[in-house]
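A.B. asks: Encoded as structure tokens, here's the structure I'll be asking about.
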Amino acid sequence: MSFSYTNAVDLAAGIAAGDFSAREVATSFLDRIAETDDQLNAFLAVDVSGALATADAIDAARARGEALGPLAGVPVAVKDVLTTKGLPTTCGSKMLEGWIPAYDATVTANLRNAGAVIIGKTNMDEFAMGSSTENSAFGPTRNPWDAGRIPGGSSGGSAVAVAARQAPLSIGTDTGGSIRQPAAMTGVVGVKPTYGGVSCYGLVALASSLDQAGPFATTVADAAMLHAVMAGHDPRDSTSIDAPVPPVVQAAANPDVKGMRIGVVKQLTGEGFQREVREHFQESLDALADAGAEIVEVSCPHFEYALAAYYLILPSEASSNLAKFDAMRYGLRVGDDGDRSVEQVMALTREAGFGPEVKRRIMLGTYALSSGYYDAYYGQAQKVRTLIANDFAAAFSQADVLATPTAPTTAFPLGEKVDDPLSMYLQDIATIPANLAGIPGMSVPVGLDDQGLPIGLQFMAPAMADDRLYVAGGALEAAIGWEARP
Ligand code: GLN
């Protein structure tokens, strides 16, 4: 490397100043991917020619003295659930293998407009269902801290790309924790913005009332830079909020927690969390208190029903969203030999194209939505959702941000939970409430457990107060001075 890579903010500044070229930067990350990805399997597609062409265009624009975008020349890896014109988008599923979208997701377009170099598409649990990236149809991604362990999920490939320095930045999506939990497992920063803060146009939907795309980065300031580029109102997404993007970059640049009230959620700190996770959580709170924050305890009594409500709402929405993969319009088609009916071809295709976790959720969701059960399951779950939102509203009357451990444990061995869906689902016990209420959350790396595996702390803030996450996260990062590097 002829440049010294520290973080994405410095990388962007160095390219803009001409200290090094976008091509050198792209080449160095492409080399790193080539060296490491046989083992890690973080990428489903690497766009060598596209990345170099974009980098060359940035270098040429700079040479002509043109104004450069905020991410000019900075490589970004994109989760394979967001459409990328001309580059495959599989959602980690055989159902979409070989599909090349004809259009860019708004997030993808925003990256291109900011000058980012889209370096490739990252591995994920099939249709974003999972917490370990073991549900990918294309093999699991491995954790760079210990290749025998999972990287978290469902955005495991994006988390690993950043943790293993295959890309300085990446994009994930979070429906119940899929950015924050893998960020915690791999020792990077991950942010789920406010629901509606980032456009879902071109995001292949899992559960439309919960999905949100967000950034992964090695520092809080890097995450803010990417967040600001991704976010903003989009008339093509009816859930997109028509309001200015919260001032996340400014917040990250001035992370002062003096007087900030940080609420510790009583229900999410107990014995269910691994000992080192609890210890590092407490040390982090002490560090924030030393930096001037006021630590208060808050109670969210309905959080104990969050997981149950989520596993009714998510499968219901997923079963409906995935109905479009019917062998007629997209991707895979099996058994269409002229003798079979449309229904038979659909059935054979869905049998062959979807993996076991996806089938499990389609069945659960179809059942929860069926007439006679709708009110008892989906309807009840929606009421629980309101109670959880009310818990948050009460908590935010006592605190500016809330804090919990991000995940109950550190990264577990590959294979450990594949036959135990409930224990896999419990990974998201602390992250799901934010999705149900539509509020933003961030995971910040805070240290390692006794086996040398990363631990994350989660902050949550009221809707459209994403900037508070960056104040708290930036202050914590500065206070504990810990940079994770496998
Ligand atoms: N692990 C959770 C699930 O399996 C969350 C997934 C996500 O956020 N996409 O549903």
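A.B. asks: If only one of 245, 189 is in contact with a strand residue (DSSP E or B) (Cβ under 9 Å, 6 or more places away or on another chain) and closer than 19 Å to residue 9 by Cβ, which one is it?
C.D. replies: 189
A.B. asks: Kindly indicate the residue of region 40-83 that is part of a loop (DSSP other than H, G, I, E, B) and among the small types (Gly, Ala, Ser) and also surrounded by the fewest Cβ atoms within 10 Å (Cβ to Cβ) among those meeting that condition. First the steps, then the outcome.
C.D. replies: Residues of region 40-83 that are part of a loop (DSSP other than H, G, I, E, B), as a first pass: 41-42, 47, 64-74, 80-81, 83.
Still in the list and also among the small types (Gly, Ala, Ser): 42, 65, 67, 69, 72-73.
Details: 42: 31, 65: 7, 67: 9, 69: 19, 72: 23, 73: 28.
The selected residue is 65.
A.B. asks: Return the only residue of 406, 366, 349, 386 being within 21 Å of residue 155 (Cβ to Cβ) and either among the β-branched types (Val, Ile, Thr) or loosely packed, with under 14 Cβ neighbours inside 10 Å (or both).
C.D. replies: Working: 366 fails: within 21 Å of residue 155 (Cβ to Cβ); 349 fails: within 21 Å of residue 155 (Cβ to Cβ); 386 fails: within 21 Å of residue 155 (Cβ to Cβ).
Unique residue meeting the criteria: 406.
A.B. asks: List every residue pair whose Cβ atoms lie under 7 Å apart, where the two residues are 6 or more positions apart in sequence or sit on different chains, the first residue falls within region 464-486 and is under 21 Å from residue 289 (Cβ atoms), and the second residue, located anywhere, is among the polar types (S, T, N, Q) and in a helix (DSSP H, G or I).
C.D. replies: Listed pairs, sorted by first residue: 476/284; 480/284.
A.B. asks: Right, another one. Name the residues in region 347-380 that are within 15 Å of residue 322 (Cβ to Cβ), acidic (Asp, Glu) and more than 15 Å from the ligand (Cβ to nearest atom), would you?
C.D. replies: Of everything in region 347-380, just one residue is within 15 Å of residue 322 (Cβ to Cβ), acidic (Asp, Glu) and more than 15 Å from the ligand (Cβ to nearest atom), namely 351.
A.B. asks: Counting just the residues of region 139-160 that are of a type in the set (A, V, I, L, M, F, W, C) and assigned to a helix (DSSP H, G or I), which one comes out nearest to the ligand (Cβ to nearest atom)?
C.D. replies: 159
A.B. asks: Is there a residue in region 125-138 that is more than 26 Å from residue 94 (Cβ to Cβ), outside any strand (DSSP E or B), away from the ligand (no atom under 16 Å from the Cβ) and not charged (D, E, K, R)?
C.D. replies: There is no residue in region 125-138 that is more than 26 Å from residue 94 (Cβ to Cβ), outside any strand (DSSP E or B), away from the ligand (no atom under 16 Å from the Cβ) and not charged (D, E, K, R).
A.B. asks: Out of 465, 430, 478, report the one residue that is among the aliphatic types (A, V, I, L, M), under 26 Å from residue 219 (Cβ atoms) and within 16 Å of the ligand (Cβ to nearest atom). Working first, answer last.
C.D. replies: Working: 465 fails: within 16 Å of the ligand (Cβ to nearest atom); 478 fails: within 16 Å of the ligand (Cβ to nearest atom).
Only one candidate passes the filter, namely 430.
A.B. asks: Within region 472-482, can one find any residue that is crowded, with 24+ Cβ neighbours inside 10 Å and either outside any helix (DSSP H, G or I) or among the charged types (D, E, K, R) (or both)?
C.D. replies: no
A.B. asks: Report yes if some residue within region 216-234 is within 16 Å of the ligand (Cβ to nearest atom) and either at negative phi or aromatic (Phe, Trp, Tyr) (or both); otherwise report no.
C.D. replies: Taking region 216-234 as the starting set, the residues that turn out to be within 16 Å of the ligand (Cβ to nearest atom) are 216.
From what's left, either at negative phi or aromatic (Phe, Trp, Tyr) (or both): 216.
Within region 216-234 (the criterion being within 16 Å of the ligand (Cβ to nearest atom) and either at negative phi or aromatic (Phe, Trp, Tyr) (or both)), the answer is yes, since at least one residue qualifies.
A.B. asks: Examine region 100-112 for a residue that is surrounded by 17 or more Cβ atoms within 10 Å (Cβ to Cβ) and more than 25 Å from residue 217 (Cβ to Cβ), and state whether such a residue exists.
C.D. replies: Yes, region 100-112 has at least one match.
A.B. asks: Just give me the residues in region 412-427 being more than 10 Å from the ligand (Cβ to nearest atom) and either of a type outside the set (A, V, I, L, M, F, W, C) or assigned to a loop (DSSP other than H, G, I, E, B) (or both), in sequence order.
C.D. replies: 412, 413, 414, 415, 416, 417, 418, 419, 420, 423
A.B. asks: Go through the residues of region 297-304 one by one and say whether even a single one is at pLDDT below 95, hydroxyl-bearing (Ser, Thr, Tyr) and part of a loop (DSSP other than H, G, I, E, B).
C.D. replies: no
A.B. asks: Please go through region 276-306 and pick out each residue that is under 22 Å from residue 425 (Cβ atoms) and surrounded by fewer than 17 Cβ atoms within 10 Å (Cβ to Cβ).
C.D. replies: Once the filter is applied, which keeps residues that are under 22 Å from residue 425 (Cβ atoms) and surrounded by fewer than 17 Cβ atoms within 10 Å (Cβ to Cβ), region 276-306 yields 301, 304.
A.B. asks: How do the helices (runs of 4 or more DSSP H) wholly within region 320-411 filter down when requiring 3 or more residues that are over 30 Å from residue 275 (Cα atoms), without any contact (Cβ under 8 Å) to a residue 12 or more places away in the chain and in contact with a helix residue (DSSP H, G or I) (Cβ under 6 Å, 6 or more places away or on another chain): which remain?
C.D. replies: none
A.B. asks: I want to confirm something. Restricting to region 161-201 and keeping residues that are in a helix (DSSP H, G or I) and away from the ligand (no atom under 16 Å from the Cβ), which single residue is farthest from residue 231 (Cα to Cα)?
C.D. replies: 163
The values are calculated or read from the model by the stated rules, or taken from the named source; none is laboratory data. Note that this is a predicted model, so its numbers are computed, not measured. Glycine gets a Cβ as well: all are built from the backbone with ideal geometry, and neighbour counts include every protein chain shown.
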